[in-house]
Amino acid sequence: FKAPSRDHPALYRDLLRTNRVHWIAEEPPAELVREKMMECHFRFRHQMALVPCVLTLNQDGSVWVTLVKPARAITPGQFAVFYKGDECLGSGKILRMGPSVYTLQQGKNREESPKKEEVDKIEPAT
């Protein structure tokens, strides 16, 4: 797929899944085991800024990574590296990605939801 521009919504995603994560200090971090979720930061390219995210631990040791805001050009095969403050927690290879922002926007445009004006006209049931 070749996007029409560098900033096309099809290049942005906010959900990805890694393979089994290689954790550095704790295997996996206690908070992630206890809560099944953990806020941290991640990057998938060496020089990129850290992106806030929430990790959800899967039974097989892989994680779902939900980004606070969509990131551009995430690609399967790259490594997602996780940080808490300055500490590198570990990394996992990106296996799958959620739908692109473009796909999600298309879905929203197709939903047959009534417009606000129509909702206001609906009288409450008595």
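The values are calculated or read from the model by the stated rules, or taken from the named source; none is laboratory data. Only a predicted model underlies this, so the values are computations on that prediction, with no experimental measurement involved. We place every Cβ from the backbone using ideal geometry, glycine too, and count neighbours over all the protein chains shown. The area values use the complete protein model at the heavy-atom level, side chains included, leaving out ligands, DNA and RNA. Shrake-Rupley method; radii C 1.70, N 1.55, O 1.52, S 1.80 Å.
Points to keep in mind about this one:
- Considering residues of region 50-75 that are part of a loop (DSSP other than H, G, I, E, B) and in contact with a Lys or Arg (Cβ under 7 Å, 6 or more places away or on another chain) only, the residue nearest to LEU16 (Cα to Cα): ILE74
- Looking only at region 92-103, and only at residues there that are in a strand (DSSP E or B) and open to solvent by less than 30 Å² (accessible area, probe 1.4 Å), the one that is modelled with the lowest pLDDT: SER100
- Residues being surrounded by 19 or more Cβ atoms within 10 Å (Cβ to Cβ) and farther than 14 Å from TYR83 by Cα - total across region 31-56: 0
- Filter pass, VAL51 being without any contact (Cβ under 8 Å) to a residue 24 or more places away in the chain and closer than 30 Å to GLN106 by Cα: yes
- Within region 3-30, considering residues that are free of Cβ contacts under 8 Å to residues at least 40 places away in the same chain and not charged (D, E, K, R), the one surrounded by the most Cβ atoms within 10 Å (Cβ to Cβ): ALA3
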